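Engineer: Below: one structure in structure tokens.
Nothing in this text is a laboratory measurement; each read-out follows from the coordinates by a stated rule. No experiment lies behind these values; they were computed from the predicted model shown. Reconstructed Cβ throughout: ideal geometry from the backbone, glycine too, with neighbour counts over all protein chains shown.
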Amino acid sequence: MNYYVYYKLDPERLGELRPAIEALFKAVEREFGVRGRWMRRRDDPATYMEVYEGIADEAAFEAMLGREGAKLGLPRKVERFVSA
């Protein structure tokens with residue numbers, strides 16, 4: 001399963017959030033063997049997306065994503081995609 005998590009953030013918070021996102025990526029990599037990617041929308045400096053590809057244990061991943069994502073203090077939208 002591939003996960004795409006997107007949200008808006010105040011660009012002023014970027015310095016505060018970057019270490020938290022990196023910590024989240026390290027935790028995901030340690031627990032699920034998948035390295036996340038952090039992307040910013042090209043035409044909007046406030047829209048960001050985390051990408052996680054190849055997640056095998058969906059239930060455990062979603063529990064962790066919900067728990068750890070809540071620490072960021074941002075409303076986040078999670079989309080799930082499979083290969084066509």
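Engineer: So if each residue of separation counts as 0.36 nm, and I subtract the Cα-Cα distance between residue 43 and residue 1, what length gain in nm does that give?
Structural biologist: 12.4 nm
Engineer: For the chain, find the longest principal axis of its Cα atoms and tell me its angle to the long axis of helix 14-32, 0 to 90°, nearest 10.
Structural biologist: It is inclined by approximately 10 degrees.
Engineer: Compute the label zone of residue 12 within the range 36-65: residues whose backbone N is under 20 Å from the point 7 Å along Cα-to-Cβ.
Structural biologist: Zone members listed by number: 44-48.
Engineer: Let me ask something else. Counting each pair of different Cα atoms once, what's the Kirkwood radius of the chain in Å, rounded to one decimal?
Structural biologist: 13.1 Å
Engineer: Here's something else I'd like to know. Work out, step by step, the length gained on full extension between residue 35 and residue 79: first 0.36 nm times the residue separation, then minus their alpha carbon distance; give nm to one decimal.
Structural biologist: 14.1 nm is the gain from fully extending residue 35 to residue 79.
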